[in-house]
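Peer 1: Take this structure first; my questions come after.
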Amino acid sequence: MSEFSRMTVVAAAEVVSSFQSHGAMEVLEVEWGIAGRCRASSKPARVADWARIACEEEIEVLTEGGRVHLSRAVVEIAISAAEYMQHSAAWRKLVAGLRFDGFEVRTTEEEVDSEAYWPSEQTETTVQLVRMLPSDVPELDFREAETEIALLLNRHGLTVAKGHLTQALSAFGRGEWSSANGELRNFHESYLNEIATGLGYAGSGDGKAKRDYLGRLQPPFLLIDYNEWNPNNQKPQYVQGLMSRMHPHGGHPGLSEEEDATFRLQISLVTARLFLRRFDRRVRPA
């Protein structure tokens, strides 16, 4: 199975096509053993065939780094794109997809000795694909988390929350960080509101009132022992704390919008999966 999502692979193929000629792409197809299987009528057609083969077939190819899945070979070529390519929509989509898959592109610069007649120092830039989180912890697979969350939202008819999650993922995939953040805030609040309604809340209060209901419910849904909720607003509360983290005030110079949006997406998915699983166990027939 590919370690990259379909969105990531398509974006990577688009990036490659933007700085490689048809001839260069054809040479790669020969190298990968897929020559003759990709349409040469246009770059978009070729991109579609590359992505389809990489996503749907278990093909390993030989690269400078050893044998890897075809999808990784495409991604590694894409991240070698010249810096001027890294402001395109396809590049932003690639970076967003990689972060959702648990990877980031890291650029390092090293000084190397020149081979010229007069010795001098030059800078060599290296681009690497780095895993952001451990690969052997299944609970940190955000693609898996998103799939399970979608299943649980559908199962229990949490349509408002599902709509916000869909919009958040779509905005994140386009590299629209502010829009993604806003939809994630709405998602976090909406599924808790809908869970409260599903567990009997019938008042007209706001989201805070519904979260308080989930904490006071017997047996409680939000657990005091885990500092998820507390009747004393001065005590540490994870759910309210996350809500505050998702509603920062003012600008934050020096912080990467992309990095912050990735953090919000990841923590939102992990948290939602925990509470949706708990809700599912509570309301499903034994």
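The values are calculated or read from the model by the stated rules, or taken from the named source; none is laboratory data. Bear in mind that the values here come from a model prediction, so they are computed numbers and not experimental data. Here Cβ is always computed from backbone atoms with ideal geometry, including for glycine, and neighbour counts include all displayed protein chains.
Peer 1: Of the residues 211, 131, only one is modelled with pLDDT of 90 or more, out of contact with any Ser or Thr (no Cβ under 9 Å at 6 or more places or on another chain) and either among the charged types (D, E, K, R) or exposed (fewer than 12 other Cβ atoms within 10 Å of the Cβ) (or both); which?
Peer 2: Numbers: 131 fails: modelled with pLDDT of 90 or more.
Testing whether each residue is modelled with pLDDT of 90 or more, out of contact with any Ser or Thr (no Cβ under 9 Å at 6 or more places or on another chain) and either among the charged types (D, E, K, R) or exposed (fewer than 12 other Cβ atoms within 10 Å of the Cβ) (or both) leaves just 211.
Peer 1: All but one of (1) closer than 18 Å to residue 130 by Cα; (2) in contact with a helix residue (DSSP H, G or I) (Cβ under 7 Å, 6 or more places away or on another chain) hold for residue 86; state the number of the condition that does not hold.
Peer 2: The one condition residue 86 does not meet is (2).
Peer 1: Which ones in segment 152-187 are surrounded by fewer than 16 Cβ atoms within 10 Å (Cβ to Cβ) and either modelled with pLDDT under 90 or in contact with a Gly (Cβ under 7 Å, 6 or more places away or on another chain) (or both)?
Peer 2: If the condition is that a residue be surrounded by fewer than 16 Cβ atoms within 10 Å (Cβ to Cβ) and either modelled with pLDDT under 90 or in contact with a Gly (Cβ under 7 Å, 6 or more places away or on another chain) (or both), then 170, 174, 178 are the ones that fit.
Peer 1: Would you check if residue 26 is buried (at least 16 other Cβ atoms within 10 Å of the Cβ) and out of contact with any helix residue (DSSP H, G or I) (no Cβ under 7 Å at 6 or more places or on another chain)? Explain how you work it out, then say what you get.
Peer 2: On the way: buried (at least 16 other Cβ atoms within 10 Å of the Cβ): yes; out of contact with any helix residue (DSSP H, G or I) (no Cβ under 7 Å at 6 or more places or on another chain): yes.
Criteria met by residue 26.
Peer 1: On to the next question. If we keep just the residues of segment 39-79 that are in a strand (DSSP E or B) and over 25 Å from the mean Cα position of the chain (by Cα), which is surrounded by the fewest Cβ atoms within 10 Å (Cβ to Cβ)? Walk me through how you get there before you give the answer.
Peer 2: Our first condition is that a residue be in a strand (DSSP E or B); within segment 39-79, this holds for 60-63, 66-69.
From what is left, the residues that are over 25 Å from the mean Cα position of the chain (by Cα) are 61-63, 66-67.
Details: 61: 18, 62: 12, 63: 15, 66: 7, 67: 10.
Step by step, filter segment 39-79, then rank; the result is 66.
Peer 1: Here's a follow-up. Would you be able to tell me the number of residues in segment 195-228 that are under 24 Å from residue 162 (Cβ atoms) and part of a loop (DSSP other than H, G, I, E, B)?
Peer 2: Adding up the residues that qualify gives 12.
Peer 1: Within segment 236-243, is there a residue that is surrounded by 12 or more Cβ atoms within 10 Å (Cβ to Cβ), among the β-branched types (Val, Ile, Thr) and farther than 24 Å from residue 167 by Cβ? Break it down stepwise before answering.
Peer 2: Going residue by residue through segment 236-243, those that are surrounded by 12 or more Cβ atoms within 10 Å (Cβ to Cβ) are 237-243.
Those left that are additionally among the β-branched types (Val, Ile, Thr): 239.
Cutting the leftovers down to farther than 24 Å from residue 167 by Cβ gives us none.
Scanning segment 236-243 turns up no residue that is surrounded by 12 or more Cβ atoms within 10 Å (Cβ to Cβ), among the β-branched types (Val, Ile, Thr) and farther than 24 Å from residue 167 by Cβ.
Peer 1: Just give me the residues in segment 1-23 being acidic (Asp, Glu) and surrounded by fewer than 21 Cβ atoms within 10 Å (Cβ to Cβ), in sequence order. Don't jump to the end; show me each part of the working.
Peer 2: Narrowing segment 1-23 to residues acidic (Asp, Glu): 3, 14.
The one that is acidic (Asp, Glu) and surrounded by fewer than 21 Cβ atoms within 10 Å (Cβ to Cβ): 3.
Peer 1: Would you call residue 15 outside any helix (DSSP H, G or I), in the same structural domain as residue 79 (by TED's automatic domain parsing) and touching a residue at least 24 places away in the same chain (Cβ under 8 Å)?
Peer 2: no
Peer 1: Restricting to segment 29-38, name every residue that is touching a residue at least 24 places away in the same chain (Cβ under 8 Å) and either surrounded by fewer than 16 Cβ atoms within 10 Å (Cβ to Cβ) or farther than 14 Å from residue 71 by Cβ (or both).
Peer 2: 31, 33
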